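Worksheet for the structure shown next.
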Amino acid sequence: MIRGCFQTMSARRGPVARRPTSKPAKPQPASAHSIEADLKSWRWCDDAPPPRADVAALWAAAQQGTHARRRDFVIETRIADGGAGRVYRGTFRGVPAALKEVRLEGLSVDEPGDAAAPGFFAAVPPARALAEAALLRSLRCPDVVAAVGCFADCGRIFTVLELGTRDLLEVKKAWGRRRAAEDGAAPPACVVPEPAGRAPEDGATVVPEPAACFYAARVLEALAHLHERRIVYGDLKPENVLLLGTHGRPVLCDFDRARDEREPRPRPGGSPEYAPPELLDAGAAGPAGDVYQLGVLLYELLAGATPFKASSVDRTLALVARGAVPPPPAACSRAVAALLAPTASGLLTSKPKLRPRAAALRDRPVFAAARDMDPPELPD
Ligand SMILES: Nc1ncnc2c1ncn2[C@@H]1O[C@H](COP(=O)(O)OP(=O)(O)O)[C@@H](O)[C@H]1O
Ligand SMILES: [Mg+2]
């Protein structure tokens, strides 16, 4: 079905005269052309070395041509539908890669039925989609997904990314299933059909602590890199951390909500369980909000659910606002438990000024020791 969608789209790339005469083509807004022209002038991987050795083949493929085009990417399958985009697996100039599709608001003029199609993702203002692509292009960080090209087509923007094997949410669920199987118990009913992982009533962790700390430590590297550049990430959660290769080194993906910290307001939306309290209070969260989200992420990996998991969005937000963080699983080390306590210098304190900065956190032994570990084995 997705292939079909792309075939239709490629056919539409031809001149307007090739469209069926029974359905007159609506004119594309001028900005559609300017976006295409703009993207063609972007250089992606220039002469700079790749940010990681494992991305060298994709990097070299991007350097073969001046800019990415639709025909450079062969789609194999759809990987995911996110809130604002759709992600495909395929090959870019013969190298395995992922393609993120973002539908542009106001430019998808030739498919009036799209918006009503089941599961069709929301359209994004062109400036926002371009901002995400521009930011990814400017980042050369080994802990951020590598992006090597971008093109516009039929009112969409497509970004060519290195291919991840799964995201951290899937990893957490896999650990939850393994624990349930080892204990001979079915996962609790409350975690079906979205098995968040096994609830830690027995005091054990879902993701083993060394693995959870490794993932958090690598994400912290990405956050420190972004904060140094005055970028707030703004949307940390397990779905936005991708694992690469068979063992799984993590990288941060999805920069849809990232913004310059000097921009006054983040975009509305985001995951309620990950909302920093200051976002609810003041409508804005800076780099300290990312540090808080790192705390929620680490907590969720260890405990199987965030500290604020509740039956409705309103209840979740009430828990966040109250800052009532339950203790992490009893099996956690004292260092990790201290990190996750909602007290001064912990990640989850509700006062942003009391949270440590990402750069300072890198020196905490718990992260300094974890970040250079080999990626942990993954459960099936
Ligand atoms: N480069 C990639 N390789 C493999 N899977 C990816 C890649 N990028 C994203 N994904 C998957 O697609 C999902 C949605 O992508 P994301 O960039 O987070 O879009 P959205 O803004 O819609 O949330 C992610 O949660 C992840 O599971
Ligand atoms: Mg996402």
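The values are calculated or read from the model by the stated rules, or taken from the named source; none is laboratory data. Remember, predicted model here, so these are calculated numbers, not experimental data. Cβ placement follows ideal geometry from the backbone for every residue including glycine, while neighbour counts extend to all protein chains displayed.
Considering only region 60-83, I want to know if a residue exists there that is within 24 Å of GLY164 (Cα to Cα) and modelled with pLDDT under 80.
Within region 60-83, one or more residues are within 24 Å of GLY164 (Cα to Cα) and modelled with pLDDT under 80.
Within region 230-258, the set of residues being of a type in the set (S, T, N, Q) and either touching a Pro at 6+ places or on another chain (Cβ under 8 Å) or near ligand 1 (Cβ under 9 Å from one of its atoms) (or both) comprises just one member, ASN240. Scan region 328-338 and tell me whether some residue there is more than 16 Å from ligand 1 (Cβ to nearest atom), modelled with pLDDT of 95 or more and polar (S, T, N, Q). Among the residues of region 328-338, at least one is more than 16 Å from ligand 1 (Cβ to nearest atom), modelled with pLDDT of 95 or more and polar (S, T, N, Q), which makes the answer yes.
Residues in region 66-90 that are in contact with a helix residue (DSSP H, G or I) (Cβ under 9 Å, 6 or more places away or on another chain) and within 16 Å of ligand 2 (Cβ to nearest atom): ARG78, ALA80, GLY82, ALA84, GLY85, ARG86, TYR88.
Residues in region 136-171 that are in a loop (DSSP other than H, G, I, E, B) and either of a type in the set (S, T, N, Q) or free of Cβ contacts under 8 Å to residues at least 60 places away in the same chain (or both): THR165 only. When you look at LEU223, is it touching a residue at least 40 places away in the same chain (Cβ under 8 Å), among the aliphatic types (A, V, I, L, M) and either assigned to a loop (DSSP other than H, G, I, E, B) or away from ligand 1 (no atom under 16 Å from the Cβ) (or both), yes or no? Considered against the rule, which asks whether it is touching a residue at least 40 places away in the same chain (Cβ under 8 Å), among the aliphatic types (A, V, I, L, M) and either assigned to a loop (DSSP other than H, G, I, E, B) or away from ligand 1 (no atom under 16 Å from the Cβ) (or both), LEU223 comes out as yes.
Out of (1) under 20 Å from TYR233 (Cβ atoms); (2) outside the structural domain of GLU209 (by TED's automatic domain parsing), the odd one out for PRO379 is which? Tallying (1) under 20 Å from TYR233 (Cβ atoms); (2) outside the structural domain of GLU209 (by TED's automatic domain parsing), PRO379 fails exactly one: (1).
Under the condition of being crowded, with 20+ Cβ neighbours inside 10 Å and in contact (Cβ under 8 Å) with a residue 60 or more places away in the chain, the residues counted in region 234-258 number 16.
Set side by side, the residues PRO126, PRO142 differ, and just one is more than 14 Å from ligand 1 (Cβ to nearest atom) and modelled with pLDDT under 90, which is PRO126. The helices (runs of 4 or more DSSP H) falling completely within region 274-327 that include 3 or more residues that are under 17 Å from ARG257 (Cα atoms) and over 19 Å from the mean Cα position of the chain (by Cα) map to 277-282.
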